[in-house]
Amino acid sequence: MIKISIITVCFNSEAYIEQTIKSVLAQTYENIEYIVIDGGSTDGTIDIINRYQKDIAIFISEPDKNMYDAINKGMKWATGDYIAILNSDDFYLDNEVISSVADKLKGLPSCYKGLYGNLQKFTAEGCFMKRKKGIPAGFKTLLCSRKLTFVGHGTLFVSKKACDEVGLYDFEQFSAAADYDYILRLFKKFKFKYVDCDIMGFRVHEASITSSGRIVEESYAVLRKNGYKNILFGERVVRYYVSWSYFVLVNCRNMRKTNWRYFFCRCNSTV
């Protein structure tokens with residue numbers, strides 16, 4: 001049976017972390033290693049975690065530099081065949097998610113080092129907003145898209161061997177977009193399969209990194225680091241519009257006017 005390590009990192013996350021923990025512990029799949037890394041919370045987060053500590057394989061609470069530093073700590077402890085990251089404000093959509101993912105991982109051709117799927121967005125209060133389907137993507141497509149939209153970080157399950165070979169998250173250079181950088185590094189070296197499966201709930205709230213706008217600021221540095229300008233301009237433009245057009249097509253029912261404006265102007269901004 002495939003062993004799956006799930007890592008949750010948190011800091012002052014009392015508002016949402018209980019639902020996150022419960023969504024992991026409720027999974028029917030038996031071979032899960034759950035790792036929780038806390039950054040030294042001063043609210044009620046640790047009290048909540050302690051209520052479930054007997055079912056958590058590893059729990060560490062100590063100061064860290066940022067969430068990616070904490071993820072690195074969890075990855076160093078992980079012993080599973082595959083590793084997944086579930087943020088402390090997100091959750092798995094039902095208790096069969098990991099069983100379904102494990103079945104798909106068992107059937108993966110050897111050329112793939114993991115898989116990713118779809119997510120659903122929710123408000124801070126837990127109300128459903130929309131479904132976001134991923135799309136098949138390789139390194140160049142993901143790089144030229146200029147965002148991590150096509151591959152949901154929390155839906156990605158990566159083989160431990162691939163993680164060990166690529167290394168850790170670059171938390172020193174990036175405090176908001178290290179996940180984009182890390183996934184680009186993974187996709188540059190290995191292939192990952194997209195599966196049309198709803199995996200996790202992504203919560204949208206004002207305190208999140210996504211809502212802060214910091215990801216956009218750092219994404220330009222991520223693009224430069226991973227060789228965006230080394231791809232010919234014509235290829236960048238074609239890959240951008242083809243991939244985003246396909247993404248819009250499969251998600252057209254959920255697209256808002258702001259998404260359409262973003263699609264048509266993003267490629268022309270300066271990196």
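Among the candidates Lys113, Lys3, Lys104, the residue that is in contact with an Asp or Glu (Cβ under 6 Å, 6 or more places away or on another chain) and among the basic types (Lys, Arg) is uniquely Lys3.
Cβ separations smaller than 6 Å between residues 6+ apart or across chains give the following pairs from the range 178-192 residues that are within 14 Å of Cys111 (Cβ to Cβ) and at pLDDT 95 or above to residues that are in a helix (DSSP H, G or I) and small (Gly, Ala, Ser): Phe190/Ala162.
Checking Tyr34, Tyr82 one by one, the residue that is buried (at least 23 other Cβ atoms within 10 Å of the Cβ) and of a type in the set (Phe, Trp, Tyr) is Tyr82 and no other.
Would you point out the residue of the range 91-119, among those that are open to solvent by 40 Å² or more (accessible area, probe 1.4 Å) and assigned to a strand (DSSP E or B), that is farthest from Asn31 (Cα to Cα)?
Tyr112
Among the residues that make up the range 210-228, is at least one of them open to solvent by 40 Å² or more (accessible area, probe 1.4 Å), in contact with a helix residue (DSSP H, G or I) (Cβ under 9 Å, 6 or more places away or on another chain) and closer than 30 Å to Gly126 by Cα? Yes: the range 210-228 contains one or more residues that are open to solvent by 40 Å² or more (accessible area, probe 1.4 Å), in contact with a helix residue (DSSP H, G or I) (Cβ under 9 Å, 6 or more places away or on another chain) and closer than 30 Å to Gly126 by Cα. What pairs come up if the first residue lies in the range 115-139 and is within 16 Å of Trp244 (Cα to Cα) and touching a residue at least 40 places away in the same chain (Cβ under 8 Å), the second is open to solvent by 30 Å² or more (accessible area, probe 1.4 Å) and of a type in the set (Ser, Thr, Tyr), and their beta carbons are under 6 Å apart, counting only those six or more places apart or on different chains? From residues that are within 16 Å of Trp244 (Cα to Cα) and touching a residue at least 40 places away in the same chain (Cβ under 8 Å), the pairs are Gly134/Tyr194; Ile135/Tyr246; Pro136/Tyr194. The residue that is modelled with the highest pLDDT, counting only those in the range 200-228 that are aliphatic (A, V, I, L, M) and within 29 Å of Gln27 (Cα to Cα), is Met200.
Residue check, Leu232 against (1) farther than 15 Å from Met67 by Cβ; (2) among the hydrophobic types (A, V, I, L, M, F, W, C); (3) in contact (Cβ under 8 Å) with a residue 12 or more places away in the chain, all met but one. Which one? With (1) farther than 15 Å from Met67 by Cβ; (2) among the hydrophobic types (A, V, I, L, M, F, W, C); (3) in contact (Cβ under 8 Å) with a residue 12 or more places away in the chain applied to Leu232, the lone miss is (3). The single residue among Glu14, Glu18, Glu33 that is under 21 Å from Leu93 (Cα atoms), among the acidic types (Asp, Glu) and assigned to a helix (DSSP H, G or I) turns out to be Glu18. Looking only at the range 194-202, decide whether some residue is of a type in the set (Asp, Glu), within 21 Å of Val97 (Cβ to Cβ) and under 14 Å from the mean Cα position of the chain (by Cα). Yes, there is a match, as at least one residue in the range 194-202 is of a type in the set (Asp, Glu), within 21 Å of Val97 (Cβ to Cβ) and under 14 Å from the mean Cα position of the chain (by Cα). Here the range 232-261 is the region considered, the condition is being surrounded by fewer than 14 Cβ atoms within 10 Å (Cβ to Cβ) and not in a helix (DSSP H, G or I), and the residue that is modelled with the lowest pLDDT is Arg256. Checked against (1) closer than 24 Å to Tyr182 by Cβ; (2) in a strand (DSSP E or B), Lys130 passes all but condition (1).
The values are calculated or read from the model by the stated rules, or taken from the named source; none is laboratory data. Bear in mind the structure is a predicted one, so any value in this text is a computation, not a measurement. When we count neighbours, we look across all protein chains shown, and the Cβ atoms used for this are built from the backbone with ideal geometry, even at glycine. Each accessible area value is taken on the protein alone, full model and side chains, heavy atoms only, with ligands, DNA and RNA left out. Shrake-Rupley method; radii C 1.70, N 1.55, O 1.52, S 1.80 Å.
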